[in-house]
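Asker: Sharing a structure below in structure tokens format, with a few things to ask.
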Amino acid sequence: MTWSSILIQLLNGLAGAASLFLVSAGLSLIFGVTRIVNFAHGSLYMLGLYGAYTLIETFGRTPLGFWSGVALAALLVGLAGALIEVAILRRIYRAPELFQLLATFAVVLVIKDIALFAWGPEDLVGPRAPGLRTPVEIFDKRIPLYDLVLIGIGPLVLGILWLLLTRTRWGTLVRAATQDREMVAALGVDQARLFTSVFFAGSVLAGLGGALQIPREPANLELDLSVIADAFVVTVVGGLGSIPGAFLAAIMIGVAKAFCIGIGTVQWFGVEIAFSKLTLVVEFLIMGLVLIIRPYGLLGRPPAQQRHSGEPAPPLVPPGWKVAAVWLVPLLLLPAAGDRYLVVLATDIACFALFAASLHLIMGPAGMVSFGHAAYFGIGAYAAGLLFKRAGLPMEAALALAPLAAGFAALIYGWFCVRLSGVYLAMLTLAFAQISWSIAFQWDSFTGGSNGIVGVWPAAWLASKTAYFYLALAVAAGGIALLWRVLFSPFGATLRAGRDSPLRLEAIGVELRRYQWAAFVLVGALAGAAGALFAFSKGSLSPSVISIALSTDALIMVLLGGVDTLTGPLAGAALFTWLRDEVARRTEFWRAVMGLVILAIVLIFPQGLVGGVKALVARWRRARA
Amino acid sequence: MLAVRGLHAHYGQAHILADVELEVGEGEVVALLGRNGAGKSTTLKTVSGLLPASAGEVHFLDRRIERLPPHRIARLGLGYVPEDRRIFTDLTVMENLEVGRQPGRAGAPSWDEAKLFALFPNLAAMRDRPGGRMSGGEQQMLTIARTLMGNPRCLLLDEPSEGLAPLIVEQMAAAISTLKREGLSVLLCEQNLHFARSVADRAYIIESGRMRFSGTMAALAADPALREQYLSV
Ligand SMILES: Nc1ncnc2c1ncn2[C@@H]1O[C@H](COP(=O)(O)OP(=O)(O)O)[C@@H](O)[C@H]1O
Ligand SMILES: [Mg+2]
């Protein structure tokens, strides 16, 4: 590499960092004040990009048209964010934090379909920035003038934000609320209005980040989740709630990505290293490294203990044999109904129920929320597929070994994860999932790349849908029974105690991390079993079995059913899988329908479905007594 | 001015306050005494709307406030000063005061920075110091000053003397007397009987979330058995 090409990559990276910084700063601002991890933030970015596309087409491709289109798109996205806060989130601020997360998942689904409806499925390539199209010559290389403008916008916005936060009453209130929002309310500040304004500001930043990308990146429907993953990484690397931290982290990651593209493939000591393939994982590698060295990010500090007079989690009730029988008997008889379609659906549900139950143990009783649980499901699926197709093992052996592979991945990933807690832990799990996904997606020669693996069919004796259903049911029931056994063993009690009062456990000499690590491996292996079962039931698999979308599906299942009950995640898995199937057969816009259903449930039953039904039953009993 | 009737409060399943009754008249300083864990702070949190009341009524200036959110209660002129101070540690003294700022209201003494610095001279020298780099006594003064920026008519003060050096406690007593002269009503939670006697007109005693005594400071002073039973350290 020559000096001039290094400089060009540096400038490229800085230009890419601008949008990354804007969207992350917005996320950080919103999280700081409201403590909501806004999964829909990437969707707002996507709306900004689409909005800018349409507005610029309307206003004309002139400098005035371009810049007013960008500004108006950002403003409209800001209004959309404020609307989400007022219409949805404001109603559930008193609900458990995870429920707010669930609501933002639902918003992601709805916005994706709004974009699909309004702009269609094709990528939209926006105009180059009028007046800034001419490339600038630096040494012997060329770089678009627009990129240089972008490089300036990052620090400019940082400066404006800094002035707003330190020189205005609004900024003072925002910083105070970031530390102790209850005290701010006790001093007479209307939290609702403050939150709405913060959502507006944060969403404007997301929209602006998206709109400014229009000359560099086509608008497409995958942006929502890919951008939210990037923004999480930047926020966590920089330190949650630290805007200068987000700026630093965005630059680090933007530049690292640009260099990976720029370096391309090189020979080092005879080994070929494809740096360009690293672009998808480099940010996650940086994040893993930073979090190990500085667990709260570059400029972050240990999170302020936000006070809330919330209720403690209710005790879990071990399920009785009678209840289990009531559920199992009809399931065993299900194939007798003779509906092949129903059997296939029930097989799916069995896989996802085990998947959701494994996620439930780690996020509920063990108190470690995972945003990337699909990693283990997917690694299980890939292990099964690869052992079967490439190693030529019999299907039974592949199925039996797959959970070991997933458990092994959990052993490695978990070692890092248990060193963190809360949102940082969740983001790290997401990072590991994304790394796994990238490997599956890019390693064409081994994993089949984006095509995945086909011809993963079960052995002859399991070839009928009914036989396979019984296998799935047996594995799922066995796995769930094992999870529940563990939960009510002394091991499970330690995990729960660790969630409720980690310090007390440490004080009596319990090494909580080892328990959490073991729990990671256990749920990883079981999620892997679910993934392997799923792969053989479909006959093929693709990188989507490790996608963020699948991780969020699992979170939705658990949260929909309710974290505070054992049967909740199973009910959630069944409802979600069935509903998606029903809706997807009827409309192209099944995501929006799912999102609206989830929102309705969130607003009506803030304790989750099973919790809500239990509360209803209790009220009904009391009314009769 | 402030009247609490049959108030109950819970933390989760735990029943903390049972049938609490108390009253604070216009311009009066009333002490709410009790041992650690008796329910003093819980009473103030419930009155100020931070903890929902499970039953009972809170009247302030002839309005029912037990269902209002905290910011509405504060805006009616009922100022809350928490026991653990809850200073915004990243914000400077001036910024902490800014968070408390509310428009002036009729019938209440009005405050600004200059007047507050006169009340708490220690603060005047550290306008730009972050709240996290102040001593306990300075933080205690700041937390009171911050609430006063909202120009309250009645102040809920939770153990302002806790953990302070004797000299600072005296300054605090003087400040509370000044507030009283300005016409502010104060409900003062205390364990320090000596401090409470120097500023309060009347007293209540709470124990295990129930009211055990209500009367003048003089009556309490005349009854050593009462002090022995509910207050002795
Ligand atoms: N956040 C809380 N959760 C559960 N119980 C609490 C909480 N805060 C206080 N308590 C309990 O409520 C009772 C009254 O506490 P408090 O009002 O703080 O007493 P005081 O202020 O008189 O010392 C105590 O028994 C205490 O243990
Ligand atoms: Mg107290």
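Every number in this text was worked out from the coordinates using simple rules, so none of it is lab data. Owing to the predicted nature of the structure, the values given are computational and were not obtained by experimental measurement. Here the Cβ is made from the backbone with ideal geometry for all residues, glycine too, and neighbour counts use every protein chain on show.
Asker: Run the numbers on segment A:39-137 and let me know its relative contact order in percent, using alpha-carbon pairs under 8 Å that are six or more apart.
Answerer: Once divided by the residue count of segment A:39-137, the mean separation gives 40 percent.
Asker: Using only the Cα atoms of segment A:3-293, build the gyration tensor, take square roots of its eigenvalues as a ≥ b ≥ c, and label the shape rounded, prolate or oblate: rounded if a/c is under 1.5, else prolate if a/b is larger than b/c, else oblate.
Answerer: Because a/c hits 1.5 or more and a/b exceeds b/c, segment A:3-293 counts as prolate.
Asker: Here's something else I'd like to know. Can you list residues from other chains, or at least 5 along the same chain, whose modelled amide H is less than 5 Å from the amide H of B:Glu66?
Answerer: Close amide H contacts, sequence-distant or interchain: B:Val58.
Asker: Whole-Hz ³J(HN,Hα) for each residue in segment A:453-467, computed from phi via Karplus 6.51 cos²θ - 1.76 cosθ + 1.60 with θ = phi - 60°, x for glycine and proline: what do you get?
Answerer: 10, 10, x, 8, 9, x, 4, 4, 5, 10, 5, 6, 4, 5, 4
Asker: Something else: Roughly how many whole Å is it from the C-alpha centroid of segment A:164-219 to that of segment A:461-494?
Answerer: Spelled out, the Cα-based centre of one part sits 46 Å from the other.
Asker: Okay, next question. What relative contact order, as a whole-number percentage, does chain A give when Cα pairs under 8 Å and 6 or more residues apart are counted?
Answerer: Relative CO of chain A lands at 20 percent.
Asker: Which FRET efficiency value, to the nearest 0.05, is calculated for B:Ala106 and B:Gln229 with the Förster distance at 56 angstrom and r the Cβ-Cβ distance?
Answerer: According to the calculation, E is roughly 0.85.
Asker: Can you give me the relative contact order of segment A:321-547 as a percent, contacts being Cα pairs under 8 Å and 6 or more apart?
Answerer: Averaging sequence separation for qualifying contacts and normalising by length gives 41 percent for segment A:321-547.
Asker: For a quick check: with amide H placed at 1.01 Å from N, whose amide H comes under 5 Å from B:Gly215's, ignoring anything fewer than 5 positions away on the same chain?
Answerer: Long-range HN contacts for B:Gly215: B:Ala203.
Asker: Here is a follow-up. Could you check which residue among B:Pro52, B:Pro82, B:Pro103 shows the biggest mean-square fluctuation in a GNM of chain B with a 10 Å Cα cutoff?
Answerer: Sorting by GNM fluctuation, first place goes to B:Pro103.
Asker: Once you charge only the Cβ atoms, +1 for Lys and Arg and -1 for Asp and Glu, what is the size of the charge dipole of the protein assembly as shown about its Cα centre, to the nearest 20 debye?
Answerer: Roughly 760 debye for the protein assembly as shown.
Asker: While we're on this one: For chain A, which longest stretch is free of loop sites, where a loop site is one of the GluC sites (Glu not before Pro) that DSSP puts outside H, G, I, E and B and that has at most 15 other Cβ atoms within 10 Å?
Answerer: Free of exposed loop sites, the longest segment is A:223-510.
Asker: Taking the Cα centroid of segment A:544-622 and of segment B:137-214, what is the distance between the two, rounded to the nearest whole Å?
Answerer: Using only Cα atoms, the two centres lie 50 Å from each other.
Asker: Per DSSP helix of 4 or more residues, -39500 (n - 2.57); summed, then divided by the residues of the protein assembly as shown. What does that give at 222 nm, rounded to the nearest 500?
Answerer: The helix contribution divided over the protein assembly as shown gives -20500 deg cm²/dmol.
Asker: Dipole of the protein assembly as shown (Lys/Arg Cβ +1, Asp/Glu Cβ -1, origin at the Cα centre): which of A:Leu278, B:Gly183, A:Leu299 lies farthest to the positive side?
Answerer: Selected residue: B:Gly183.
Asker: Related question: In whole Å, what is the distance between the alpha-carbon centres of segment A:406-431 and segment B:14-40?
Answerer: 48 Å
Asker: What distance in nm separates the simple spin-label points at A:Ala391 and A:Thr168, each placed 7 Å from Cα in the Cβ direction?
Answerer: 6.0 nm
Asker: Could you line up B:Lys45, B:Lys180 from fewest to most neighbouring Cβ atoms inside 10 Å?
Answerer: The most exposed by this proxy come first: B:Lys180, B:Lys45.
Asker: So which chymotrypsin sites (Phe, Trp or Tyr not before Pro) in segment A:130-165 pass both tests, a DSSP loop state and at most 16 other Cβ atoms within 10 Å of the Cβ?
Answerer: Sites meeting the loop and neighbour criteria: A:Phe139.
Asker: Right, here's the next one. Please give the charge dipole size of segment A:321-547, origin at the Cα centre, charges +1 on K and R Cβ atoms and -1 on D and E Cβ atoms. Round to the nearest 20 debye.
Answerer: So the magnitude is around 220 debye.
Asker: Which ³J(HN,Hα) values, rounded to whole Hz and listed in residue order, are derived for segment A:566-576 from phi using the Karplus coefficients 6.51, -1.76 and 1.60 in 6.51 cos²θ - 1.76 cosθ + 1.60 with θ = phi - 60°, glycine and proline given as x?
Answerer: 3J(HN,Hα) across segment A:566-576, in whole Hz: 7, 7, x, x, 5, 4, x, 4, 5, 4, 5.
Asker: What are the lysines whose alpha-carbon lies under 23 Å from the alpha-carbon of A:Lys141, with same-chain residues fewer than 8 places away excluded?
Answerer: List returned: A:Lys257.
Asker: I would also like to ask the following. Provide the per-residue ³J(HN,Hα) series for segment A:476-490, in order, calculated from phi with Karplus coefficients 6.51, -1.76, 1.60 and θ = phi - 60°, each as a whole number of Hz, with x at glycine and proline positions.
Answerer: 5, 4, x, x, 5, 4, 4, 4, 5, 3, 4, 4, 9, 8, x
Asker: Further question on the same structure: Sort A:Leu7, A:Leu575 so that the residue with the fewest other Cβ atoms within 10 Å of its own Cβ comes first and the one with the most comes last.
Answerer: A:Leu7, A:Leu575
Asker: Under 17 Å Cα to Cα from B:Lys180, which lysines show up? Leave out anything in the same chain fewer than 8 places away.
Answerer: Here the lysines satisfying the reach criterion relative to B:Lys180 are B:Lys115.
Asker: Using modelled amide H (1.01 Å from N, peptide plane; none on Pro or chain starts), what sits under 5 Å from the amide H of B:Glu207, excluding residues fewer than 5 places away?
Answerer: For B:Glu207, whose amide H was placed from the backbone, the distant partners under 5 Å are B:Arg212.
Asker: Set Lys and Arg Cβ to +1 and Asp and Glu Cβ to -1, take the dipole of chain B about its Cα centre, and tell me which of B:Leu119, B:Ala196, B:Gln171 lies farthest positive.
Answerer: About the Cα centre, the residue reaching furthest to the positive side is B:Leu119.
Asker: May I pose another question? Helix B:136-148 versus the longest principal axis of chain B: what angle, 0 to 90°, nearest 10, using Cα atoms?
Answerer: Compared with the principal axis, the helix lies near 90 degrees.
Asker: Taking neighbour Cβ counts within 10 Å as the exposure measure, how do A:Thr577, A:Thr134, A:Thr466 sort from fewest upward?
Answerer: Ordered from fewest to most neighbouring Cβ atoms within 10 Å, A:Thr577, A:Thr134, A:Thr466 come out as A:Thr134, A:Thr466, A:Thr577.
Asker: Further, regarding this structure: Rounded to the nearest 10 degrees, what's the angle between the helix A:395-417 long axis and the longest principal axis of chain A, both from Cα atoms, 0 to 90?
Answerer: Long axis of A:395-417 versus the principal axis of chain A: about 50 degrees.
Asker: Give me the one-decimal nm value for the distance between modelled label points at A:Ala118 and A:Leu333, 7 Å along each residue's Cα-to-Cβ direction.
Answerer: About 5.1 nm, to one decimal.
Asker: Can you return the aspartates and glutamates within cross-link range of A:Lys389? Criterion is Cα-Cα under 20 Å, with same-chain partners fewer than 8 residues away left out.
Answerer: Cross-link targets: A:Asp444.
Asker: Which angle from 0 to 90°, rounded to the nearest 10, does the C-alpha axis of helix A:609-624 make with the longest principal axis of chain A?
Answerer: Around 60 degrees separate the two axes.
Asker: Farthest toward the dipole's positive end in the protein assembly as shown, which of B:Pro103, A:Ala507, A:Leu575, given Cβ charges of +1 (Lys, Arg) and -1 (Asp, Glu) about the Cα centre?
Answerer: Most positive-ward Cα: A:Leu575.
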